[in-house]
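Heads up, the thing below is written out as structure tokens.
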Amino acid sequence: MANLGYVQLARRCNQACVFCSNPPNGLVLSFEEAKAHIDDLCARGYKGVILTGGEPTLFGPLAELIRYAKDRGLPARMITNGQRSADLDYLASLAEAGLTHLH
């Protein structure tokens, strides 16, 4: 089994699903806080990170964080509702930054 850590970036969402297990609550990490979580996962020997929320694509510096994780040797995956992935340029920017999987 893969040793993957989770980072909950923002408890905001662009949908209103009645079955949501992570409803909005106002939590939004700063870029520095998110980097600190990546650093902690690296220090604890994790082999990858799953970025989640709410909706992680609403985290402004998402591509930069994915690149940061990749540069630290931590491949990034993301749990998303997929709505913003319809913008192919945006999706390409995440893939170029190093995003390896969408869930």
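Give me the accessible area per residue for the chain, probe 1.4 Å, as a whole number in Å². Write out the running numbers ahead of the final one.
Numbers: 5790 Å² over 103 residues.
Counting only protein heavy atoms, the per-residue value for the chain is 56 Å².
Placing +1 on the Cβ of every Lys and Arg and -1 on the Cβ of every Asp and Glu, with no other charges, gives region 28-69 a dipole of roughly 200 debye about its Cα centre. Taking θ as phi - 60° and the Karplus parameters 6.51, -1.76 and 1.60, the scalar couplings of region 69-74 work out to 4, 4, 5, 8, x, 10 Hz in sequence order, x denoting glycine and proline. Residue 101 contributes about 80 Å² of solvent-accessible surface, heavy atoms of the protein only, 1.4 Å probe.
From the alpha carbon centroid of region 25-44 to that of region 66-94 is 16 Å.
Residues whose amide H lies under 5 Å from that of residue 6, counting only those 5 or more places away or on a different chain, are 50; hydrogens are built 1.01 Å from N in the peptide plane. Among the protein heavy atoms, those of residue 47 account for about 140 Å² of accessible surface (1.4 Å probe, every chain in place).
Rounded if a/c is under 1.5, else prolate if a/b beats b/c, else oblate: with a ≥ b ≥ c from the C-alpha gyration tensor eigenvalues square-rooted, which is region 46-90? Display every interim value, and only then the final one.
Numbers: a/c = 2.14, a/b = 1.63, b/c = 1.31.
Prolate is the answer for region 46-90, as a/c is 1.5 or above and a/b outweighs b/c.
Local charge for residue 32 was computed over the other residues whose Cβ lies under 14 Å away, with Lys and Arg +1 and Asp and Glu -1, and equals -3. Looking at the chain, what % of its DSSP beta bridges pair antiparallel, to the nearest 5? In the chain, approximately 10 percent of DSSP beta bridges are antiparallel ones. A Gaussian network model of the chain, with springs between Cα atoms under 10 Å, assigns the largest mean-square fluctuation among 51, 41, 91 to 91.
The residues packed around residue 2, meaning those with a beta-carbon under 13 Å from its beta-carbon, carry a net charge of +2 if Lys and Arg are +1 and Asp and Glu are -1.
Close amide-amide hydrogen proximity is noted between residue 27 and 11, each under 5 Å apart and 5 or more residues distant or on a separate chain (H modeled in the peptide plane; Pro and chain starts excluded).
Largest GNM mean-square fluctuation among 40, 87, 71, using the chain with Cα springs under 10 Å: 87.
The values are calculated or read from the model by the stated rules, or taken from the named source; none is laboratory data. These numbers were taken from a predicted model, which means no experiment stands behind them. Glycine gets a Cβ as well: all are built from the backbone with ideal geometry, and neighbour counts include every protein chain shown. All accessible areas refer to the heavy atoms of the entire protein, side chains included, with ligands and DNA or RNA removed. Shrake-Rupley method; radii C 1.70, N 1.55, O 1.52, S 1.80 Å.
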